[in-house]
Amino acid sequence: MENLSAKYGKTLNLDKLTSYCPGCGHGVVTRLVAEAIEELGIMERTIAIVGIGCGGFSHHYMDIDAIEATHGRAPSFALGYKLAMPENIVFTYAGDGDTCAIGLGDLLHAANKGMPITTIMVNNTVFGMTGGQMSPTTLVGQVTATTAKGRDTALQGYPLLVPEMMRSMEGVKFLARESVATPKAIRKAKRSIRKAFECQVRGLGYSFVEVVVPCPTGLKMRVRDSYARCANEMTDYFKPQVFRDETEQVDVA
Amino acid sequence: MIQETLFLKNTETFAESLARCGVKYHFAYPITPATDVMKRMAVILPRYGGQMMQMESELAVSSALAGAACTGKLVATSSSGPGLTLMHEAIGFMCAAYLPCIVVDSMRVGPGDGDILGAQSDYFVVTRGGAHGDYRTVVLAPSSGQEIADLVPHGIRLAYRYRIPVVFVIDGVSAQTTESTTLPAYNDYSAEFDTSGWAFTGTKDHAKRALITGSYSHQDGYEMNERLRAKYEVIRDKEQMWEQDGVEDAELVVAAFGIHGRMCRDLVSRMRADGKKVGFIRPITLWPFPDRAFEALGSCVQNILVVEMNLGQMVDDVRLAVNGRIPVHFLGKTGGDLPMYTLADMIAEADRLLGE
Ligand SMILES: Cc1ncc(C[n+]2csc(CCOP(=O)(O)OP(=O)(O)O)c2C)c(N)n1
Ligand code: SF4
């Protein structure tokens, strides 16, 4: 087999078969993260702290040290790690369930502490790994394994807008929501993910990127339809935008 | 920092001993009667180039602790019952992950939010495990300020030798006792151990390492547990610790840990002065439980009295250790204005069992 790693850089391990379903958005985001690490030249000092869920496999496709944290706690793991080894670059990578259901408390306090760590939240509006149950970001009316008649706002509230919750936090220095719905959106997502890492490399403070992606399996959709949904219903509600970008300011690291 | 004798609350002795023995990072959330550990750590750790980090819950505390432990550096936390309960997610994780750390539990009355008064009611949760799965942590039970200072280096060595969380338990009464303790000069005991073979410090000097506690195949899960089993057997075989006195010809042996264990010294000397054949065993490791101390008791021993500040927890391990050979009696209570027994109470019960 052709040595793809040699062609695409050292961080991304393309020689490994991925565990992601065909069309899964994690595949795209994993690659964007690996490219950001590669381009910034920080591979040897970058540590992935991944959550529980399909995104937990992401580290297998990057030749970097990795820690599979307990469910939802990756941001707290990352804080402890960064305190003990500030010279290393630490990022968390997990789905919406891990990041904003069980892990919302850890996440918001980590963001509010403002220490230079990076969080990548991959939002596919369902719990992928456990079989497509409702997550906090499930859209109103969306049918899932646990919302047979669609998400009912009287009982389950409205989809959680996570970066919006961090807008008032001074310690958050890069804050964005992106998607992988189209090639153009992917290029934008790539820029934001790179900036989020750069923010940490320069010691500016906390950085966060939510990436809106399809989960064809959990949604029980064809890949093509799941991307159309991502480009329409999903991003109509979860509007891609850069909320804050302080990476332009002078170095403090 | 030089060796010095200070008059300190034992919670502060924990902080001083841990910092002087190499702990650099301490994570905690306020809770009585453990708060004084984190308060003193906040003041002293920066002098050692370290830091105390207050988190938003004990769930976050233990997760940050685990994250920091992944670097191979010496880390610690301190709490009391309700906080310890929340920490179990990460404690079980760290056992599976082979991560060393030090946990201090100043035990208070439970269950529920309980009472801030001292107790010994966390014996079960620390020796049986409050998280899922087959795991063990080493549990050390000092009974005085001096013993805290003396045991901390040993605890750190155990944590690194076996790559395992080591839990110090102390009843809240002893935790808040103020007494003179000779604190050691600074020495980082974790530096005796080379962590470069396993720590997750980046791929500059090693090939990719991944800390995985989930099993990717059923065989993985089996093998992880067999490795743990083998490690626990070694610890059980090598690391039992206890103090004993007067057991060789004793008719009655009193068994207690922590403060009641400390009181047993006075109990035995007073009762021996009256010609009564009494001895005591004070477990220092609660896990591994010092079975050997009990297995070695001779046929002269007619009764064992276990005294605890709880409703009967360590007594189960004593019964397992003697395996029906000797009758085991229990004296215990928890809560109330005086959440423990006086020496007179203990002597009265011992006399009753001696048939006096
Ligand atoms: C404490 C705990 N609760 C529940 C689970 C089961 N579980 C595994 S993955 C998962 C959900 C993951 O969903 P998400 O974070 O959205 O990630 P995705 O799989 O969609 O990438 C759950 C609930 C667990 N492993 N641990
Ligand atoms: S279940 Fe969904 S999130 Fe998980 S790998 Fe498949 S497509 Fe991706």
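FYI, it's all coordinate maths here, none of it is from the lab. If you're wondering where the values come from, they're calculated on a predicted model, not measured in any experiment. All Cβ positions, even for glycine, are placed from backbone atoms using ideal geometry, and neighbour counts span all protein chains on display.
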Projected-area mean, the range B:4-238, by convex hull of Cα positions, square nanometres: 12.6 nm²
Once the other residues with Cβ under 15 Å from the Cβ of B:Asp316 are scored (Lys, Arg +1; Asp, Glu -1), what is the net sum? -2
Could you point to the residue in B:Ile2, B:Val328, B:Val307 farthest towards the positive end of chain B's charge dipole, with +1 and -1 charges on the Cβ of Lys/Arg and Asp/Glu respectively? B:Ile2
Rounded to the nearest 0.05, FRET efficiency between A:Glu87 and B:Ser299 (Cβ-Cβ, R0 60 Å) equals 0.40
Where the centre of each part is set by its Cα atoms, how far does the range B:329-348 sit from the range B:174-204, in angstrom? 35 Å
Sorted largest first, extent of the protein assembly as shown alpha carbons per principal axis (Å): 92, 55, 49
Take A:Ala228 and B:Ala230, extend 7 Å from each Cα along the Cα→Cβ direction, and tell me the distance between the two endpoints in nm. 5.7 nm
Under 5 Å, built H, 5+ apart or other chain: amide partners of B:Trp287: B:Val139
Which pairs break 18 Å Cα to Cα here: A:Lys10/B:Lys204; A:Lys82/A:Lys188; A:Lys82/B:Lys73; A:Lys173/A:Lys195; A:Lys82/B:Lys39? A:Lys82/A:Lys188; A:Lys82/B:Lys39
Partner chain Cβ atoms within 10 Å, averaged over the residues of B:51-57 - can you pull that number for me? 4
Average other protein chain Cβ within 10 Å of Cβ, residues A:58-65: 4
Applied in sequence order to the range B:96-111, the curve 6.51 cos²θ - 1.76 cosθ + 1.60 (Karplus, θ = phi - 60°) yields integer Hz couplings, x standing for Gly and Pro, of 5, 8, 6, 10, x, 6, 10, 10, 10, 10, 8, 6, 10, 5, x, x
Over the Cα atoms of the range A:85-161, each weighted equally, I'd like the Debye log10 I(q)/I(0) at q = 0.16, 0.17, 0.19, 0.26 Å⁻¹, rounded to two decimals. -0.62, -0.68, -0.79, -1.18
Please give the FRET efficiency for B:Asn323 paired with B:Glu248, using the beta carbon to beta carbon distance and R0 = 25 Å, rounded to the nearest 0.05. 0.75
Residue-span extension gain [B:Ser269 to B:Glu356] - 0.36 nm each, minus C-alpha spacing: 29.6 nm
Size of charge dipole - the range A:4-248 - debye, nearest 20, with Cβ of Lys, Arg +1 and Asp, Glu -1, no other charges: 540 debye
Distance in nm between A:Glu39 and B:Ala42 label points, each 7 Å along Cα→Cβ, equals 4.2 nm
Where Rh is the Kirkwood radius over the Cα pairs of chain A, the temperature 37 °C and the viscosity 0.692 mPa s, what D in µm²/s does Stokes-Einstein return? 183 µm²/s
Return the lysines within reach of A:Lys149: Cα separation strictly under 20 angstrom, same-chain partners fewer than 8 residues apart disregarded; answer none if there are no such residues. A:Lys220
Residues whose built amide H sits under 5 Å from the amide H of A:Met129, excluding neighbours closer than 5 in sequence, are A:Cys54
From phi via Karplus (6.51, -1.76, 1.60), per-residue ³J(HN,Hα) for the range B:223-234 in Hz, x at Gly/Pro: 5, 4, 5, 5, 5, 5, 4, 4, 5, 5, 5, 5
For labels at B:Asp237 and A:Lys239 in the simple 7 Å Cα→Cβ model, what's the distance in nm? 6.7 nm
Given charges of +1 on the Cβ of Lys and Arg and -1 on the Cβ of Asp and Glu, with all other atoms neutral, how large is the dipole of chain B about its Cα centre, in debye to the nearest 20? 860 debye
Which distance in Å, rounded to a whole number, links the C-alpha centroids of the range B:117-137 and the range A:124-192? 38 Å
Average beta carbon contacts from partner chains per residue of B:80-91, 10 Å cutoff: 1
I need the Debye-formula profile for the range B:4-57: one equal scatterer per C-alpha, no solvent, reported as log10 I(q)/I(0) at q = 0.16, 0.22 1/Å, two decimals. -0.42, -0.77
What FRET efficiency, computed as 1/(1 + (r/R0)^6) with R0 = 22 Å and r the Cβ-Cβ distance, is obtained for A:Gln249 and A:Glu164, rounded to the nearest 0.05? 0.45
For the protein assembly as shown, the dipole about the Cα centre with charges only on Cβ (Lys and Arg +1, Asp and Glu -1), to the nearest 20 debye, works out at 1980 debye
Of B:Phe280, B:Leu338, B:Ala350, which is farthest on the positive side of the dipole of the range B:278-356, counting Cα position, with +1 on Lys and Arg Cβ, -1 on Asp and Glu Cβ, and the Cα centre as origin? B:Phe280
Under 10 Å, Cβ to Cβ, from B:Ser190 - net charge with Lys/Arg +1 and Asp/Glu -1: +1
Return the calculated 222 nm mean residue ellipticity for chain B, to the nearest 500 deg cm²/dmol, obtained by summing -39500 (n - 2.57) across DSSP H runs with n ≥ 4 and dividing by the residue count. -12000 deg cm²/dmol
Could you give the distance between the Cα centres of the range B:212-270 and the range A:36-50, to the whole Å? 43 Å
Show me the ranking of peptides A:63-71, B:269-277, A:49-57 by mean Cβ neighbours inside 10 Å, starting with the highest. A:49-57, A:63-71, B:269-277
